[in-house]
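Below you'll find the structure, written out as structure tokens, and then a few comments.
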């Protein structure tokens, strides 16, 4: 499902796309850090929400059953899925893709911390908070983590010209390997798929 991107982001995307190249980790080239920092700084200030409430509610009924293995409480599942749908759809990301990334990254544990220090559902590196001047952001807070993670994934999809495999590898900081994209694809195929994606 594709939705129009917020107009306020188009200019920064164009600027970022013209500057980018390299993996998604702290060792990015200076130009890469500058472009993604600018993108995040503007993007995280944008408001988002459902574009089509009826379709979202139908989706929620289906997805909350699939999420039960990870999140046992019904209300918690609906709250998380509502936020995932809103953030993903507002950026033209398939919500099922975001759920697949979360499954691989954290198994839906919002307090997860990786060995490298990445935090939360989508395992966002905390250095981005300082890069964009938002050191007080709490990456274990679901809404904050999803906003960072979805915007970063959208950025890499645009940078990689909608090549999902390369975008996922960049998101993971492993651009020369398909291992991470294959894990996300497997999660999508086995649990979250509702419509075809161009892998």
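The values are calculated or read from the model by the stated rules, or taken from the named source; none is laboratory data. This structure is a prediction, so every number in the text was calculated from the model and none was measured. Ideal geometry is used to build each Cβ from the backbone, glycine not excepted, and the neighbour counts take in all protein chains shown.
Close Cβ contacts (under 7 Å, 6 or more residues apart or on different chains) running from residues in the range 173-196 that are free of Cβ contacts under 8 Å to residues at least 60 places away in the same chain to residues that are surrounded by fewer than 20 Cβ atoms within 10 Å (Cβ to Cβ) comprise 178/165; 181/165. Quick one: would you say residue 181 is in contact with a helix residue (DSSP H, G or I) (Cβ under 7 Å, 6 or more places away or on another chain) and modelled with pLDDT under 95? Taking the combined requirement at face value, the residue does not satisfy it. Confirm whether residue 103 is farther than 23 Å from residue 67 by Cα and either at pLDDT 95 or above or in contact with a helix residue (DSSP H, G or I) (Cβ under 6 Å, 6 or more places away or on another chain) (or both). When the stated conditions are applied, residue 103 does not pass them.
Put simply, of 71, 113 the only residue that is over 22 Å from residue 188 (Cβ atoms), surrounded by 13 or more Cβ atoms within 10 Å (Cβ to Cβ) and at pLDDT 90 or above is 113. Residues considered: 121, 97, 168, 175. Of these, the only one that is buried (at least 23 other Cβ atoms within 10 Å of the Cβ), at negative phi and in a loop (DSSP other than H, G, I, E, B) is 121.
Selection of the range 74-94 for residues being in contact with a helix residue (DSSP H, G or I) (Cβ under 7 Å, 6 or more places away or on another chain), surrounded by 21 or more Cβ atoms within 10 Å (Cβ to Cβ) and more than 24 Å from residue 173 (Cβ to Cβ) yields 80, 81, 85, 89.
Here residue 143 fulfils each of the conditions (1) part of a helix (DSSP H, G or I); (2) buried (at least 19 other Cβ atoms within 10 Å of the Cβ); (3) under 14 Å from the mean Cα position of the chain (by Cα) apart from (2).
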